[in-house]
Amino acid sequence: ALYRAKADGRNTFHFFEQGMDSRLRARRALDLDLRNAMAAGEFELYYQPVITARSSTVSGFEALMRWHHPERGMVSPAEFIPMAEEIGLIVPLGEWALLQACTEAANWPEDLSIAVNLSPVQFKSRNLVPAVVNALESSGLAASRLELEITESVLLQESEINLATLHQLRELGVRISMDDFGTGYSSLGYLRQFPFDKIKIDQSFIKELADNPQDAAIVRAVTGLGISLGMTITAEGVETEVQFERLRLEGCTEVQGYLFSPPRTASALGPFLTGRELT
Ligand code: C2E
Ligand code: CA
Ligand code: CA
Ligand code: CA
């Protein structure tokens, strides 16, 4: 493509095409690497503490996936999860994460929960419910300790079937959270379709909470609404004491963010499993 561009005298496209080409090639290479990454054992789950706002104690952890690429180092899930969804790898990868997270959580004190993120593609695969049953049975984890985080795109596509899946999961005794609340088309509408146990307010609303009255009003309204519907309200991406104070005042149930801890390896959770009152 490069040579032809030159021959045509379209020199202005030269750099553009070259850039596209190398980016595309890099992506293809990463794509190939991703297909082998599971067998190579390059994935790891990190765990981020979730804090009960009122008592400042740990209520559980969210599992977040990490890919240790042999050459590129850590690749962000924001980059590799969409690729894994495209090539269908997300189904086995998601099942691995479920089992891994439940197995890890079975070692923790019994009042601590574990939240696992689910891709909409896992819902479509129709193997989700058996995979959850298998993870619970193999790990021995009580279903009530498992929370599954979904985004509203699950209810956007194939909503009838996916809704039935959500009800089946609920019947197992696991809890269902709506992740990234407020970022999609009709977050409110989805609350009428399914009785979520928890709403996770997207971190974009938390970022400027202290200086932006609009964001503060939205957080207040969502919290009031969720609480009156009997849901737990979790604020994500809490980075400052001021944000934490504000969220506590607004009645948020739980908080999660770098202020308390970044996601950590399973072996680094010690301080959060014992002596769980934060100072
Ligand atoms: P998410 O589920 O909304 O996860 C929250 C993201 O915010 C995580 O990014 C977390 O590390 C980051 N975070 C936590 N506290 C703070 C904070 O105080 N400030 C800021 N700026 N960020 C904070 P991460 O780990 O890079 O994951 C990105 C996304 O990738 C997740 O967003 C989730 O959608 C997806 N993901 C991660 N692990 C899995 C998985 O096992 N399965 C699926 N399907 N998706 C996953
Ligand atoms: Ca999440
Ligand atoms: Ca989120
Ligand atoms: Ca997110």
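The values are calculated or read from the model by the stated rules, or taken from the named source; none is laboratory data. Here the structure is a predicted model, which is why all the values come from computation and not from measurement. Note that each Cβ is placed from the backbone with ideal geometry, even for glycine, and that neighbours are counted across all protein chains shown. SASA here: full protein model, heavy atoms, side chains in, ligands and nucleic acids out. Shrake-Rupley method; radii C 1.70, N 1.55, O 1.52, S 1.80 Å.
Set side by side, the residues ILE150, ILE114 differ, and just one is within 16 Å of ligand 4 (Cβ to nearest atom), surrounded by 16 or more Cβ atoms within 10 Å (Cβ to Cβ) and under 17 Å from the mean Cα position of the chain (by Cα), which is ILE150.
Filtered by the rule that a residue be among the polar types (S, T, N, Q), over 15 Å from LEU259 (Cα atoms) and not in a strand (DSSP E or B), the range 47-71 gives a lone residue, SER55. Taking every residue in the range 197-216 that is closer than 30 Å to LEU172 by Cα and pairing it with any residue that is among the small types (Gly, Ala, Ser) and more than 13 Å from ligand 1 (Cβ to nearest atom), at least 6 positions away or on another chain, the pairs with Cβ-Cβ distances below 9 Å are ASP197/GLY230; LYS198/GLY226; ILE199/SER187; ILE199/GLY226; ILE201/GLY226.
For the range 180-192, the set of residues classified as open to solvent by less than 30 Å² (accessible area, probe 1.4 Å) and within 16 Å of ligand 3 (Cβ to nearest atom) consists of PHE181, SER187, TYR190, listed by residue number.
One residue stands out among those in the range 181-191 that are within 17 Å of ILE227 (Cβ to Cβ) and not in a strand (DSSP E or B): the one that is modelled with the lowest pLDDT, which is SER187. Summed over the range 210-247, the residues that are within 16 Å of ligand 1 (Cβ to nearest atom), outside any loop (DSSP other than H, G, I, E, B) and open to solvent by 50 Å² or more (accessible area, probe 1.4 Å) give a count of 4. If you go through the range 117-147 one residue at a time, how many are among the polar types (S, T, N, Q) and open to solvent by less than 30 Å² (accessible area, probe 1.4 Å)? Summing the residues that are among the polar types (S, T, N, Q) and open to solvent by less than 30 Å² (accessible area, probe 1.4 Å) in the range 117-147 gives 3. Within the range 154-179, which residues are assigned to a helix (DSSP H, G or I), surrounded by fewer than 21 Cβ atoms within 10 Å (Cβ to Cβ) and in contact with a Ser or Thr (Cβ under 9 Å, 6 or more places away or on another chain)? Within the range 154-179, just LEU156 meets the criteria.
Quick check: is even one residue across the range 91-105 in contact with a Phe, Trp or Tyr (Cβ under 6 Å, 6 or more places away or on another chain) and part of a helix (DSSP H, G or I)? No, every residue in the range 91-105 fails to be in contact with a Phe, Trp or Tyr (Cβ under 6 Å, 6 or more places away or on another chain) and part of a helix (DSSP H, G or I). Every test in (1) within 11 Å of ligand 1 (Cβ to nearest atom); (2) in contact with an Asp or Glu (Cβ under 8 Å, 6 or more places away or on another chain); (3) open to solvent by less than 60 Å² (accessible area, probe 1.4 Å) is passed by TYR258 save one, and that test is (3). When restricted to residues that are out of contact with any strand residue (DSSP E or B) (no Cβ under 9 Å at 6 or more places or on another chain) and more than 15 Å from ligand 1 (Cβ to nearest atom), the range 166-204 contains 9.
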